[in-house]
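The values are calculated or read from the model by the stated rules, or taken from the named source; none is laboratory data. Please read all numbers here as calculations on a predicted model, not as lab measurements. Glycine also receives a Cβ, built like all others from the backbone with ideal geometry; neighbour counts cover every protein chain displayed. To get the accessible areas, we keep the full protein, side chains included, count just its heavy atoms, and leave off ligands, DNA and RNA. Shrake-Rupley method; radii C 1.70, N 1.55, O 1.52, S 1.80 Å.
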Amino acid sequence: MPREWDATTYDSLPLPHLGWGLRTLGRLPLRGDERVLDAGCGTGRDTAGLLDRLPAGRVVAVDASVRMLDQLRTRLAGRLDRVEVVRADLTEPLPFTGEVDAVFSVAAFHWIEDHAALFGSLASRMRPGARLVAECGGLGNILAVNAAVAEVLGAGPEQRTWEFAGVEQTRARLAAASFTDIDVRLRPDPARFEPGGQLEAFLATVVLGAHLDDMPAGDRAPFVAAVAGRLAEPVVDYVRLEISATRA
Ligand SMILES: C[S@@+](CC[C@H](N)C(=O)[O-])C[C@H]1O[C@@H](n2cnc3c(N)ncnc32)[C@H](O)[C@@H]1O
């Protein structure tokens with residue numbers, strides 16, 4: 001199973017994900033009675049947004065993290081009759097019954113190395129004609145943060161944490177997984193944080209979480225401070241990959 005997340009801290013942060021979620025919701029056409037998969041739903045912020053848009057519909061909320069899904073259940077208490085909460089790895093056969101009418105995803109796909117397996121797994125649970133509308137980190141994402149990490153860690157074997165895919169690569173992977181009507185684009189979208197700890201908290205919980213998992217506890221805060229200190233500004237240089245495609 002993929003890594004665990006600190007869901008409580010995650011929800012306490014000023015997340016650029018909020019804007020990404022609203023933007024992605026705005027790209028997903030819905031009648032209101034569909035069954036929609038929220039792929040990598042996290043703590044359910046956009047699952048709630050989907051439920052608002054689906055008065056007669058349902059959401060299948062899939063994530064690999066137990067803590068993220070616990071937080072989602074708390075957030076959506078009272079609305080869980082219309083949510084199927086599923087703990088699963090999105091690259092594996094998905095353990096829910098039937099097909100979905102659409103797939104939605106925010107800030108999850110770049111945590112998954114094997115996009116061919118991911119798109120294949122999603123396609124296998126989408127009805128023909130179902131729409132995939134997603135966004136994630138794309139080619140060129142967080143180059144400055146990554147350069148700071150490399151400086152702090154020094155030479156060594158490259159740690160492959162993310163898949164920041166490009167437009168043509170993603171188009172080809174989607175087509176191979178039987179998607180048509182494919183629209184993929186990159187959008188530079190830097191996020192600025194307040195000085196005085198906000199940037200460090202965000203880096204530790206979101207961007208560098210996987211790096212910290214492999215570190216002794218005492219090394220973590222100094223590592224995050226060293227990376228933050230090497231950035232010219234309190235900015236995470238995000239580049240988002242925006243995906244729309246239809247299951248053939
Ligand atoms: C940055 S969070 C985004 C969560 C939520 N969509 C949001 O925008 O706040 C990334 C999420 O992807 C999930 N994730 C990463 N790899 C996964 C995988 N292989 N299968 C299922 N979920 C995965 C993580 O557990 C995490 O909840």
Task: Percent carbon-and-sulfur accessible area, the chain, ignoring ligands, DNA and RNA, probe 1.4 Å - done: 53
- [ ] Kindly report, to the nearest 10 Å², the accessible surface of D11 as traced by a 1.4 Å probe over protein heavy atoms only.
- [x] 50
Open item on the list: Classify segment 1-146 from the C-alpha gyration tensor, please: rounded if a/c falls under 1.5, else prolate or oblate depending on whether a/b exceeds b/c.
Closed with: rounded
Task: Separation between Cα centres of segment 181-237 and segment 2-80, rounded to whole Å - done: 22
Open item on the list: If amide hydrogens are placed 1.01 Å from N in the peptide plane, which non-local residues have theirs closer than 5 Å to the one on D6?
Closed with: none
Task: Accessible heavy-atom area order of I112, I142, highest first, probe of 1.4 Å - done: I112, I142
- [ ] Along each of the three principal axes of the Cα atoms of the chain, give the extent in whole Å, ordering the values from largest to smallest.
- [x] 49, 41, 29
Open item on the list: Please report the net charge: other residues with Cβ closer than 14 Å to the Cβ of D11, K and R +1, D and E -1.
Closed with: 0
Task: Pairwise FRET efficiency - D181 versus M1, Cβ, R0 = 22 Å, nearest 0.05 - done: 0.10
TODO: Could you do me a favour and compute the accessible area per residue for the chain, 1.4 Å probe, result in Å²?
DONE: 43
